[in-house]
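The values are calculated or read from the model by the stated rules, or taken from the named source; none is laboratory data. As the structure is a prediction and not an experimental result, all values here were calculated from the model. Don't worry about glycine lacking a Cβ; one is built from the backbone with ideal geometry, like all the others, and counts go over all protein chains shown. Remember, those area values only see protein heavy atoms, side chains included, never the ligands or the DNA or RNA. Shrake-Rupley method; radii C 1.70, N 1.55, O 1.52, S 1.80 Å.
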Amino acid sequence: MSSAAEHDERGGQPLLNDALVVLAAPTQAWSDDAGDMGAAPIHGIFHGDWRYVRALGLRIAGEPLETIGTSRGADSAVFHGVARAVDDETPDPRVLVERRREVAAGRVVERVRVRNGLDEPITAPVELRLEVSLAELSSVKAGLPAPVVLTWRERDGGLQAGDGTRSLTLRATDAAIERDGDRVRASWSLAVPPGGSAEAELELGIADPTTVVGPAAARGIQPLPPSGDAALDRWSARAIDDLQAMLLDAGQGPFPAAGAPWFMTLFGRDTLITARLLLPLSLDVALGTLRTLAVRQGSVVDPGSAEQPGKILHEIRQGTFSMPGEGIALPPVYYGTIDATPLWIVLLHRAWQAGLGLETVRELRPALDAALAWLRDSSSPDDSGFLKYIDESGTGLANQGWKDSGDSIRFRDGRIAEGPIALCEVQAQACQAAAAAAELLEALGEDGAEWRAWAETMRTRFRDAFWVERAGERYPAIALDGRGTPVDSKSSNIGQLIGTTLLTADEEAQIARLLVDDRFASGFGLRTMASDQGGYWPLSYHCGSVWPHDTGVVIEGMLRAGLAVEARLLAQQLLRAADAFDGRMPELFAGFAAVEVSSPVSYPASCRPQAWSAAAVVPVHRALTE
């Protein structure tokens, strides 16, 4: 296996599938299964958009812990091991070590407890070895971390390292502390009586005044009720635990971060979809999401950030987020997506249906009006009536998930679509938003006729322009290219049209039948591209992999459309995958069929936990229990 240092020299995004993460947003700690950090490029302690610690290792009498098991939650983990260097020579281990890691926002505590089952006292030399390395998250993601120069000083009985803005403080009670450059060793000599235990503790505190998001004040997501299915209940508990730990607040209430490790921040699309899926469990998260995005709604035209009046943002960062591998540098506040705005309107409507008071809808009325004005203006520049990616910053489709993955939107014959792209699911989101706005306006005592008509016009335009027939199969194209030609690859995007009011009931049923076909339904969830397409590859980011949230959104739409049989089939497949991933669904995984592999195969760079993947458990639970 290549070392982290070797990987750093040649670059490349770190792989995540073998790493263990403990987190409390916006802080996260990545390690191996023994709790050690440093052997893989992803290892370390992160806070916001910076990595603070590159390596952390435990030694007992100079030897690594021999791990025999790990118990983990979202914000803590216990690594169980034996310490034969201080044990006797009998076969049964009598000296046990419990290494407990607890993460809170801006704080990581490492406790090492040595338990002595021998009849004699022992002395256990314990060392925790730390390498501090302060580097921007984007450089770590690129596999080319660029640490800044640190200044060290003694502080409050410990050590503090900083760059003049942000700092890491280290405290180790009753330890001997030695520093060599940016490496620190804390050592203890633990006297452990027969049948007793002794403990060493290391605490790390992080301070960064430039963070743009902080921890949520309360964990406001309710648990799912018991289902009677042990696998579903395991997934439910793990998913809600992860989601609670991923809640952030930027001053307007709680919202879920998008995912670990790279997206521990506000992401318009991801956060909105997650909050919508979670509505049966939390109205507070939906309201926090709506308010947080509303106060940051676009107000001017800025090609550099893709900001436009009324537009809902895509993401916020502490600074420019560079992606050297793709030649992209995103500004700290970036608006380069077109689906977040209709998704905001849809979430407001769904939250109102779930019990959000009209007084709160009125509070958000200025943001609703601005979003509708943006929707009206953005669907008319070329007279097609469709929302298209025409992003002067050049990064819009990258953040729709295509350019940054190395994939493209392709025709079935392999040609690449060119020009401004009109994606099918974006038109569905716009139609749904217009219909939702009409209901909201009428609930406020106003006329919603304009937006009812707008939605109906979108339905007609879509039916005329997007539906194709290939090899005897009729289905919507994934997109229209810049010339208005349908891009005819069969993709799971069409599933996100169901339940949005864009289609007739017959059209929804037709798409549902196609999606439960083995070419789409892998046995573990929906492939992003049907397996009979020329561009299909099981490890392609958007052209063959399975995205759990994608399947979850389709299940949600099927339930709204009354397609319970198809929803249940897909829910059973996603549950099978969740159980194989121990209840922590990744961002995506490989599209191999269940008849090919006994369990789902990881996509190695997939983020986890990912908020919308975790939230997919909610529609799955409904599909399997109602």
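Observations on the structure shown:
- Exactly one residue out of Ala245, Ala239, Ala250, Ala258 is out of contact with any strand residue (DSSP E or B) (no Cβ under 8 Å at 6 or more places or on another chain) and surrounded by 17 or more Cβ atoms within 10 Å (Cβ to Cβ): that is Ala239.
- Candidates Arg317, Arg276, Arg296, filtered to the one that is closer than 27 Å to Ile555 by Cα, of a type in the set (Lys, Arg) and at pLDDT 95 or above: Arg276
- Enumeration of residues in region 157-197 that are at negative phi, outside any strand (DSSP E or B) and at pLDDT below 95: Thr173
- Conditions (1) closer than 30 Å to Ala124 by Cβ; (2) free of Cβ contacts under 8 Å to residues at least 40 places away in the same chain; (3) in contact with an Asp or Glu (Cβ under 7 Å, 6 or more places away or on another chain); number of the one not met by Pro226: (1)
- Any hit, region 54-64, residues being surrounded by fewer than 17 Cβ atoms within 10 Å (Cβ to Cβ), without any contact (Cβ under 8 Å) to a residue 24 or more places away in the chain and part of a helix (DSSP H, G or I): no
- One residue alone among Glu120, Glu154 is assigned to a loop (DSSP other than H, G, I, E, B), over 22 Å from Gly35 (Cβ atoms) and either in contact with a Pro (Cβ under 9 Å, 6 or more places away or on another chain) or at pLDDT below 95 (or both), and that residue is Glu120.
- Subset of region 339-382 (residues that are modelled with pLDDT under 95 and in contact with a Leu (Cβ under 8 Å, 6 or more places away or on another chain)): Ser378, Ser379
- Candidates Leu293, Leu278 - the one that is under 20 Å from the mean Cα position of the chain (by Cα), closer than 14 Å to Ala615 by Cα and open to solvent by less than 50 Å² (accessible area, probe 1.4 Å): Leu278
- Any hit, region 90-101, residues being touching a His at 6+ places or on another chain (Cβ under 9 Å), over 25 Å from Pro609 (Cα atoms), open to solvent by 40 Å² or more (accessible area, probe 1.4 Å) and at pLDDT 95 or above: yes
- If you go through region 444-482 and keep only what is assigned to a helix (DSSP H, G or I) and hydroxyl-bearing (Ser, Thr, Tyr), you end up with Thr457, Thr460.
- Where Pro586 falls short, out of the listed (1) closer than 23 Å to Asp270 by Cα; (2) open to solvent by 40 Å² or more (accessible area, probe 1.4 Å); (3) in a loop (DSSP other than H, G, I, E, B): (2)
- Restricting attention to region 589-617 and to residues that are open to solvent by 10 Å² or more (accessible area, probe 1.4 Å) and of a type in the set (A, V, I, L, M), the residue that is farthest from Ser227 (Cα to Cα) turns out to be Ala605.
- Count - residues of region 121-171 that are open to solvent by 60 Å² or more (accessible area, probe 1.4 Å) and of a type in the set (Val, Ile, Thr): 4
- In region 300-310, residue surrounded by the most Cβ atoms within 10 Å (Cβ to Cβ) [restricted to those that are assigned to a loop (DSSP other than H, G, I, E, B) and touching a residue at least 24 places away in the same chain (Cβ under 8 Å)]: Ala306
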